[in-house]
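Enquirer: The structure that follows is given in the form of structure tokens.
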Amino acid sequence: MKSGGGSGDGTQTSGSGDVTRTLQLLWDTGRRPSRGPKPGLSIDRIVEAAVRIADEEGLDAVSMRRVATALGTATMALYRYVPGKGELLDLMLDRVQRPDHNPATLGDGGWRATLEAMAHATLDLYRRHPWLLQVNQSRPILGPSALDGMEAILSRIKPMGLSDPELVSAVIMIDGYVVGAARTQVYQREAERRTGLTDAEFWQAHLPVLTEIMATGRYPVLAALSPDAWGPAFDHFEFGLQRILDGLEVWVDRQARKQ
């Protein structure tokens, strides 16, 4: 049996378990436990408990033993439903992407509105489940949630008139941007929790030294920046997102003129 695909830096890897068995569980095509399951125990309850633990305590806290304890059952009872931690992780990933766990919708607008809504929904997903940033999803298991989401997005951005690889690349582009932004935001929250200093308090501590350094003339461009250049009022996420969408719009128009 494979492990949960952990690495020395705390990152865990999707698809590290028995891929065939995981797909059977996700698509409900495999056999269900037939001998001695604890009454009331189910794959849904197991996965929900694992997600709850990850949300509250972090991904490292999730183990078959820890989930069994949370459910008030023996660890071996879980193995009748889920082969191990690797498969459980993939079930967790699919679960948090279900529509009922993601209140944001793609709306009825055009392709730009769809990608914008997708970006905000994905950012919200990472905010609600920060442990997702600890998962290497370069080899995702394609369960119902993943395919339902991709089908919904591609069907709405198809009118862009791009080739199929370009359509997929547009989604990957937005997702990659969001992951980077989410990592920054989640890390900021984690730093505040660990140090007890707010972001404002942390940067305020720099002020006396930075004021003195800027007065030396060594950094004329930085010294000339307006006071709000680094302020929280500017929405860096939205600015970057809109510029990416602007770039895509230019490309869409260029491709349309070729037809």
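The values are calculated or read from the model by the stated rules, or taken from the named source; none is laboratory data. Note that the structure is predicted; figures quoted are calculated from it, not measured. Here the Cβ is made from the backbone with ideal geometry for all residues, glycine too, and neighbour counts use every protein chain on show.
Enquirer: Based on what the data block shows, is Thr114 touching an Asp or Glu at 6+ places or on another chain (Cβ under 8 Å) and in contact (Cβ under 8 Å) with a residue 40 or more places away in the chain?
Expert: no
Enquirer: Sticking with this structure for a sec: Evaluate segment 167-175: report whether one residue or more is assigned to a loop (DSSP other than H, G, I, E, B) and of a type in the set (Gly, Ala, Ser).
Expert: no
Enquirer: Please tell me if Asp60 is in contact (Cβ under 8 Å) with a residue 40 or more places away in the chain, in contact with a Lys or Arg (Cβ under 8 Å, 6 or more places away or on another chain), assigned by TED's automatic domain parsing to the domain that holds Leu41 and surrounded by fewer than 18 Cβ atoms within 10 Å (Cβ to Cβ).
Expert: It is false that Asp60 is in contact (Cβ under 8 Å) with a residue 40 or more places away in the chain, in contact with a Lys or Arg (Cβ under 8 Å, 6 or more places away or on another chain), assigned by TED's automatic domain parsing to the domain that holds Leu41 and surrounded by fewer than 18 Cβ atoms within 10 Å (Cβ to Cβ).
Enquirer: I've got another one for you. Anything in segment 145-166 that is farther than 19 Å from Val96 by Cα and assigned to a helix (DSSP H, G or I)? List them, or say none.
Expert: Those that are farther than 19 Å from Val96 by Cα and assigned to a helix (DSSP H, G or I): Leu154, Ser155, Arg156, Ile157, Lys158, Pro159, Met160, Asp164, Pro165, Glu166.
Enquirer: Still on this model: In segment 17-41, which residue that is β-branched (Val, Ile, Thr) and at pLDDT 90 or above is nearest to Arg139 (Cα to Cα)?
Expert: Here the residue is Val19.
Enquirer: Given the criteria assigned by TED's automatic domain parsing to the domain that holds Val171 and modelled with pLDDT of 95 or more, does Ala223 qualify?
Expert: yes
Enquirer: Moving on to the next point. When you check Arg98 against the structure, is it at pLDDT below 95 and charged (D, E, K, R), yes or no?
Expert: For Arg98, the condition - at pLDDT below 95 and charged (D, E, K, R) - is met.
Enquirer: Now a separate question. Evaluate segment 194-206: report whether one residue or more is closer than 25 Å to Arg95 by Cβ, outside the structural domain of Leu25 (by TED's automatic domain parsing) and surrounded by 11 or more Cβ atoms within 10 Å (Cβ to Cβ).
Expert: Scanning segment 194-206, I find no residue that is closer than 25 Å to Arg95 by Cβ, outside the structural domain of Leu25 (by TED's automatic domain parsing) and surrounded by 11 or more Cβ atoms within 10 Å (Cβ to Cβ), so the answer is no.
Enquirer: Looking at Gly149, Gly86, can you tell me which residue is at pLDDT below 95, closer than 28 Å to Val19 by Cα, buried (at least 17 other Cβ atoms within 10 Å of the Cβ) and out of contact with any Phe, Trp or Tyr (no Cβ under 6 Å at 6 or more places or on another chain)?
Expert: From the options Gly149, Gly86, the qualifying one is Gly149.
Enquirer: Do you know which of the residues in segment 104-138 that are outside any helix (DSSP H, G or I) and touching a Leu at 6+ places or on another chain (Cβ under 8 Å) is modelled with the highest pLDDT?
Expert: Val135
Enquirer: Among the numbered criteria (1) farther than 19 Å from Ala117 by Cα; (2) at pLDDT 95 or above; (3) surrounded by 11 or more Cβ atoms within 10 Å (Cβ to Cβ), which one does Val186 miss?
Expert: (2)
Enquirer: For Arg193, all conditions in the list (1) of a type in the set (Lys, Arg); (2) over 30 Å from Tyr126 (Cα atoms); (3) not in a loop (DSSP other than H, G, I, E, B) hold save one; what is the number of the exception?
Expert: (2) is the only condition that Arg193 fails.
Enquirer: Something else now. Here are some residues: Ala223, Ala181, Ala191. Which one is surrounded by 10 or more Cβ atoms within 10 Å (Cβ to Cβ) and either in contact (Cβ under 8 Å) with a residue 24 or more places away in the chain or among the charged types (D, E, K, R) (or both)?
Expert: Of Ala223, Ala181, Ala191, the one residue that is surrounded by 10 or more Cβ atoms within 10 Å (Cβ to Cβ) and either in contact (Cβ under 8 Å) with a residue 24 or more places away in the chain or among the charged types (D, E, K, R) (or both) is Ala181.
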